[in-house]
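Here's the structure, in structure tokens; my notes come after.
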Amino acid sequence: MTLITADFILTCNEGFEIIENGAMLFDERIIEVGKCEELKAKHPTATIIETPQNSVILPGLINAHVHLEFSANQSMLRYGDFIVWLQSVIKHREELSALATTELIGSKLQEMLKNGTTSLGAISSFGADLEACVQAPQRVVYFNEVLGSVPSAVDAMYGDFRGRLETSKEFKSERFIPAVSVHSPYSTHPILAKKALQVALEEECVVSTHFMESPAERAWIDEGSGDFQTFFSAFNPHAKPLCSALEYLELFKQNKTLFTHAVQAKKEELKTIADQKATLTHCPVSNRLLGVGKLDIDAVEKANINLTLGTDGLSSNISLSLWDEMRSALMMHPQKELSYLAKTLLQSVTSNAAHALGLSCGILKQGCYSDFIVTTLPQACECDDVALQLILHTHQTHLTFIDGEKQC
Ligand SMILES: [Zn+2]
């Protein structure tokens, strides 16, 4: 048993309890969290780790949505408009895929670990990130993605998806959890989505999907018009939207789902997401770079939806660090009270994300996996300001533990 002590312990529990002069007793699981002096007296034989002054212990961060297969992009893709970006992805896809080797993806995962990300939801389009994700020190929920809008290709697309899912299942463990992703309402035929969602139900897999990311998607799904009409008519002049937004949401009503983006979602759609007890994943930097608008975070809160945060891939971000993402989110929603938003964001990358992905971590409490990080603030800080100052000042962790093992 090990006892680690710090000036502050952010439990990230429901009440966002912070323990000053705290300590945590752990092995692979957390045994007890409390006041330093009390735990030291109670467990005199425990090995003690003292942390530097102004240190904070908090749960390891959880990136709910990242595309590692696009990790090679730096300046190749075009930003500012979703369709312009999509066309640049199509143009450079092969080149970027070839560059995104297991070694490159592995190095990105190591960087994420140094930033304090101990779990992630990896959206895998082709399975090219499988080896790196299986070898990753982090806990990975591995979303095998399905897409395809042409009815005649449904069987072939389903077969390919099923093959990748089965392969990923061979590596299933406490740290590698196979899951299912349905790409989006504009790209996935409802028959294909239904088949994949049925498998997810049977296999008890978590599900991820993109939903209402751009104004182009809104116009296409609602009216069959806009930039997506021009885009799709190049392949098929008779292309029509595959279903309405609410019909799409309805497909997921029995699944445990993370809906990503929802920047263009309407109130009734947010209500449906809330009623389905689903999660919404906010990717603020990606949304800004692709020029799709800004999530109505007040409406999400009002609808009482479980909120998580994702970096998306390096195809639409310059960093996979959740600290960078939280800093951006903090600046992007200036109407929210600063300290309150900081706490909301820390909850979104810890307990909310663990709940969404079905992981027994994200909160420092007895029985959870010992996945936690230690970060050190540059100076002393009021207890009430710890969440905000952490977001403002943290780049790398001082210590990172997964399953009670020190990683870096
Ligand atoms: Zn995405």
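Suppose we keep only residues that are touching a residue at least 60 places away in the same chain (Cβ under 8 Å) and among the charged types (D, E, K, R) within the stretch 24-68. Which one would you say is surrounded by the most Cβ atoms within 10 Å (Cβ to Cβ)?
If we take residues in the stretch 24-68 being touching a residue at least 60 places away in the same chain (Cβ under 8 Å) and among the charged types (D, E, K, R), then 32 is surrounded by the most Cβ atoms within 10 Å (Cβ to Cβ).
Does the stretch 92-101 include one or more residues that are under 23 Å from residue 175 (Cβ atoms) and surrounded by 15 or more Cβ atoms within 10 Å (Cβ to Cβ)?
yes
The rows are residues; the columns are (1) small (Gly, Ala, Ser); (2) under 17 Å from residue 141 (Cα atoms).
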residue	(1), (2)
314	no, no
328	yes, no
336	no, no
348	yes, yes
352	no, yes
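Within the stretch 385-406, is even one residue in a loop (DSSP other than H, G, I, E, B), of a type in the set (A, V, I, L, M) and in contact with a helix residue (DSSP H, G or I) (Cβ under 6 Å, 6 or more places away or on another chain)? Write out each step before concluding.
In the first step, residues of the stretch 385-406 are kept if they are in a loop (DSSP other than H, G, I, E, B); the result is 394-398, 403-404.
Remaining after also requiring of a type in the set (A, V, I, L, M): none.
No: zero hits.
Mind counting the residues in the stretch 125-141 that are surrounded by fewer than 23 Cβ atoms within 10 Å (Cβ to Cβ) and either in contact with a Leu (Cβ under 9 Å, 6 or more places away or on another chain) or closer than 23 Å to residue 324 by Cβ (or both)?
Qualifying residue count, the stretch 125-141: 4.
Based on what the data block shows, is residue 200 surrounded by 18 or more Cβ atoms within 10 Å (Cβ to Cβ) and either closer than 28 Å to residue 289 by Cβ or more than 16 Å from the ligand (Cβ to nearest atom) (or both)? Spell out how you get there, then give the answer.
On the way: surrounded by 18 or more Cβ atoms within 10 Å (Cβ to Cβ): yes; either closer than 28 Å to residue 289 by Cβ or more than 16 Å from the ligand (Cβ to nearest atom) (or both): yes.
Judged against the criteria, residue 200 is a match.
Can you spot a residue in the stretch 240-258 that is closer than 30 Å to residue 172 by Cα and within 15 Å of the ligand (Cβ to nearest atom)?
Yes, the stretch 240-258 contains at least one residue that is closer than 30 Å to residue 172 by Cα and within 15 Å of the ligand (Cβ to nearest atom).
Would you point out which residue out of 244, 225, 214 is within 25 Å of residue 257 (Cβ to Cβ), surrounded by fewer than 17 Cβ atoms within 10 Å (Cβ to Cβ), in contact with a helix residue (DSSP H, G or I) (Cβ under 9 Å, 6 or more places away or on another chain) and among the hydroxyl-bearing types (Ser, Thr, Tyr)? Working first, answer last.
Working: 225 fails: within 25 Å of residue 257 (Cβ to Cβ); 214 fails: surrounded by fewer than 17 Cβ atoms within 10 Å (Cβ to Cβ).
After applying the criteria, what remains is 244.
Do we have residue 39 as in the same structural domain as residue 94 (by TED's automatic domain parsing) and touching an Asp or Glu at 6+ places or on another chain (Cβ under 8 Å) here?
So residue 39 fails the test.
Residues checked against (1) over 24 Å from residue 350 (Cβ atoms); (2) away from the ligand (no atom under 15 Å from the Cβ):
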site: 70; (1), (2): yes, no
site: 90; (1), (2): yes, yes
site: 113; (1), (2): no, yes
site: 117; (1), (2): no, yes
site: 121; (1), (2): no, no
site: 127; (1), (2): yes, yes
site: 134; (1), (2): yes, yes
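Picking from 356, 380, which residue would you name as being within 16 Å of the ligand (Cβ to nearest atom), hydrophobic (A, V, I, L, M, F, W, C) and modelled with pLDDT of 95 or more?
Result of the check over 356, 380: 356.
For (1) assigned to a helix (DSSP H, G or I); (2) among the polar types (S, T, N, Q); (3) at pLDDT 95 or above, each residue gets a yes or a no:
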site: 219; (1), (2), (3): yes, no, yes
site: 225; (1), (2), (3): no, yes, yes
site: 237; (1), (2), (3): no, no, no
site: 247; (1), (2), (3): yes, no, yes
site: 255; (1), (2), (3): no, yes, yes
site: 264; (1), (2), (3): no, yes, yes
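Taking the conditions exactly as written (of a type in the set (Lys, Arg), more than 30 Å from residue 316 (Cβ to Cβ) and in contact with a Phe, Trp or Tyr (Cβ under 8 Å, 6 or more places away or on another chain)), does residue 78 satisfy them or not?
So residue 78 fails the test.
The values are calculated or read from the model by the stated rules, or taken from the named source; none is laboratory data. The structure presented is a predicted model; accordingly, all values stated were derived computationally and were not measured. Here Cβ is always computed from backbone atoms with ideal geometry, including for glycine, and neighbour counts include all displayed protein chains.
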